[in-house]
Amino acid sequence: MDDELVAAGRYARLETRGRHTGLPRPVTVGFVEEAAGTLLVASLPGADWAENLYDDPRCRVTIGEQSWSADAEPLEGAEFGAAIRALILRYGTPAERLGLGSAFRLSAPTTNEEGTG
């Protein structure tokens, strides 16, 4: 079912690197597109994928046929609240604990003018 939701563009497949094993760890997450190439995502409390992003913010995102590398920025304060509200508006209230976990902005990594990043 998750593969179908990702293929349809309703959810994103987020691949983090395991903080203990170093192995790729995929998870299917809800998202809101903030701007082209920038997504907002949120976790429930204690989610391993969120802890992995705190340890290593680099990740891989797949939605439909598109896949790209991204860097995760933890959100706090008003940005955190706005992300949670946007996710609830998009998906309804699938989990009453959504606002108790972490929220991130996923953006394509920035590169310098020479493109060597």
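Only the coordinates and a few stated rules stand behind these numbers; no lab work does. All values reported here derive from a predicted model rather than from experimental measurement. Don't worry about glycine lacking a Cβ; one is built from the backbone with ideal geometry, like all the others, and counts go over all protein chains shown.
Below is a table of values for the structure above.
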| quantity | calculated |
| --- | --- |
| Cleavage-rule hits (GluC sites (Glu not before Pro)) in region 1-99: DSSP loop, at most 14 neighbouring Cβ within 10 angstrom | E65, E76, E96 |
| Rounded tilt (10° steps) of 77-91 against the dominant C-alpha axis of the chain | 70 |
| Inter-site label distance for E65 and E4 at 7 Å from Cα along Cβ, in nm | 2.1 |
| Helical contribution to [θ] at 222 nm, DSSP H n ≥ 4, -39,500 (n - 2.57), averaged over the chain, rounded to 500 | -7000 deg cm²/dmol |
| Estimated vicinal HN-Hα couplings, Hz - region 60-73 in sequence order (Karplus 6.51, -1.76, 1.60; Gly, Pro = x) | 10, 10, 10, 9, x, 8, 9, 9, 8, 7, 8, 10, 9, 10 |
